[in-house]
Amino acid sequence: MQMAETKVAEKFEAQSTSESDDAVGETVDITAGAQHLHRKLRGKEVQMFAIGGAIGTSLFVQMGSALPKGGPAGLFIAFLVWGSIMWSVNECFAEMVTYLPVPSPFVRFGGEWVDGALGFAMAWNFFLNMAFLVPFEIVAMNIMITYWTDKVPVEAIIVAMMVLYSILNIITVRYFGVSEFYLSIGKVVLMLGLFCFTFVTMVGGNPEHDAYGFRYWKDPGAFVSHLEPGGTGRFLGILSCMYQASFSICGPEYISIVAAEAENPRKVLPPAFRSFVWRILVFFVGSALCMGIVIPYNDTTLAAILGGDIAGSGTGAASPYIIAMQRLGIHGLPHLVNALVMTSIFSSGNGLLFAATRTLHGMSLEGFAPRFLSYCTKGGVPLWAFLVSLCFCLLAFLQSSSTSAEVMTYLVDLVTCCQLINYGFTAITYRHFYSALKAQGISRDTLPYKGRFQPYTSYVAMGGTLFMIMAGGYSLFLTGGWDIMWFFLDYGMIGFFIVAFVGYKLIKRTKYVRPGTADLSIGGLKEEIDNYELAYVPRTLGRTDKILNKLFE
């Protein structure tokens, strides 16, 4: 071990003397546990990547579609409850990933610590999750453009987005991180600006001088009876909002996916995971509250747009914020908000394509995908994995024969099921990790991140995700609600996961890893990362970088 540490240190010293002071700490060797990826993402970039990946189309537009189903209180309660479940999932991610920050960590953990077949099924499920979301964001971009004009061909928008994503993803990860950092700052500013808009207008700061406050919580009311009358209908309304929340609230997987490219992973990853609870409260729960304040759940404009009865169906005009601005006679601001939301959508798609690429690269390393997909350029970019991931953008061409709103709905159902499955099995994987730590005498107090209230939070994560997986298509089982196509959209990915698991199990004859017996180093990768961190020399930061680090880390 001492010899290995000396060799790594000597290599860092030799390379550091040949580079400028600004590059100190950037030099990365493949023995850093990154497996040909480059550890160049700094703390502030990891933090903002996590925020930027979570803040997307849903927070600004699509969440409003759940308002007529659950009412303002139902929407708020649903996001608060699901946010609590997602915090439990985050605690499982955080403890494992900071302990062993390797490529596609939680996907690999399932295969190494539970069963190879589980790792295979989780890997493809998560890859499809990320890959389906990229065309979702491209469709959303077209939707936002139609707020102004429908003269721009759909095909032109798709091709332009693919070209821009290619440029940003093929350049070195260092510049990708910088671009995402500043794009994510724009998202945060927009979200905070909309919160300020809500507060100022609700107390009377608007052209109508109407201090509407929480008026819409009283008239037409705080809850909606959805599909069924009375208390059952109100419960179903909250359930519908929870399903929307389970699609909207995300984040720990984005932190995990950059674990192998974080410059000093066990230092920069824990703060990003710790701040997740605040991101839930501020951005997701806060947005659910604001949307229920600015418009009533029975707003005629929202209902007409969602129902396709007026022009602009499915467009940015469906955003509760834009509807409120137009109702209050605020001119110009809706156009600015629409433009800023477009930058948010672009950033989300860019980050999702990055995540899909890195997942496919990690799958190749594990043998879950063809080996050629693990090839990386000199800049540390998995080129072939990127090109395969980019091909999923072609799904956006479905808009040519269907409306954008329909395509978005299809993708949302597929993605939501994928996310829930992976969250649930991540919690199961954590239980094996927890048992292995205990059996092998490794104190959790020595970990870079100690998950709170474990192992009980993992039970909450498993129970919550299982409930939503089963309840996601509840409307199909109500009188007159059955539809074969929607059954497959709601539950099809469950069948895919089972087939992938059983098929791989039978073909490869993988063995179940009994709790407590897992190899927590994954073939020596932990030792490689330990040695890398021992030899790591922090970079020399300029004044601007120091300020940004303090502000965003």
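Which whole-number percentage describes the relative contact order of the range 75-205, with Cα contacts under 8 Å and a sequence gap of 6 or more? Present the calculation step by step, with values, prior to reporting the outcome.
Working: 31 pairs, mean separation 11.6, N = 131.
Over the range 75-205, the number comes to 9 percent.
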inquiry  = Given bins 20 angstrom wide, list per bin the percent of all Cα-Cα distances in the range 42-509, short to long.
reply    = 25, 59, 16, 0
inquiry  = Can you give me the Rg/Rh ratio for the range 73-223, using Cα atoms for both radii and the Kirkwood formula for Rh?
reply    = 1.06
ask   = Accessible area per residue, 1.4 Å probe, Å², for the range 42-509: what's the number?
value = 35
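Around Phe392, under 15 Å between beta carbons, what's the net of Lys plus Arg minus Asp minus Glu among the other residues?
Working: positive: Arg358; negative: Glu137.
Result for the neighbourhood of Phe392: 0.
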inquiry  = Over 22 Å between Cα atoms: which of Lys438/Lys526; Lys267/Lys450; Lys450/Lys526; Lys450/Lys511 fall into that group?
reply    = Lys450/Lys511
request  = List the equivalent ellipsoid semi-axes of the range 321-435 in whole Å, largest first, each obtained as the square root of 5λ for an eigenvalue λ of the Cα gyration tensor.
outcome  = 35, 20, 16
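When you count, for each residue, the other Cβ atoms within 10 Å and take the mean per peptide, how do 355-364, 325-334 rank with the highest first? Walk me through the intermediate numbers first.
Values: 355-364: 27.1, 325-334: 14.7.
Those peptides, ordered most packed to least, come out 355-364, 325-334.
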task = Compute the separation of the alpha-carbon centres of the range 319-379 and the range 58-137 and state it in Å as a whole number.
result = 15
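Hey, what did the range 42-509 get for relative contact order, percent, Cα under 8 Å, at least 6 apart? Could you put the intermediate results ahead of the total?
Working: 746 pairs, mean separation 157.0, N = 468.
It comes to 34 percent, rounded to a whole number.
Work the Kirkwood hydrodynamic radius out for the range 410-497: mean of 1/r over every pair of different alpha-carbon atoms, inverted, in Å.
15.0
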request  = About the Cα centre of the range 42-509, how large is the charge dipole given +1 on each Lys and Arg Cβ and -1 on each Asp and Glu Cβ? Please answer in debye to the nearest 20.
outcome  = 1340
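Per the 1.4 Å probe, what fraction of the accessible area of the range 42-509, in percent, lies on carbon and sulfur atoms?
Values: 11210 of 16260 Å².
Reported share for carbon and sulfur atoms: 69 percent.
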remark   = Label model pair Ile442, Lys267: point-to-point distance (7 angstrom along the Cα→beta-carbon line) in nm is 2.2
message = With just the Cα atoms defining each centre, how far is the range 463-524 from the range 185-261? Give it in Å.
response = 29
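The values are calculated or read from the model by the stated rules, or taken from the named source; none is laboratory data. All values reported here derive from a predicted model rather than from experimental measurement. Heads up, the Cβs are rebuilt from the backbone with ideal geometry, glycines too, and the neighbour counts pull from every protein chain shown. Surface accessibility is based on the protein's heavy atoms, side chains included, excluding ligands, DNA and RNA. Shrake-Rupley method; radii C 1.70, N 1.55, O 1.52, S 1.80 Å.
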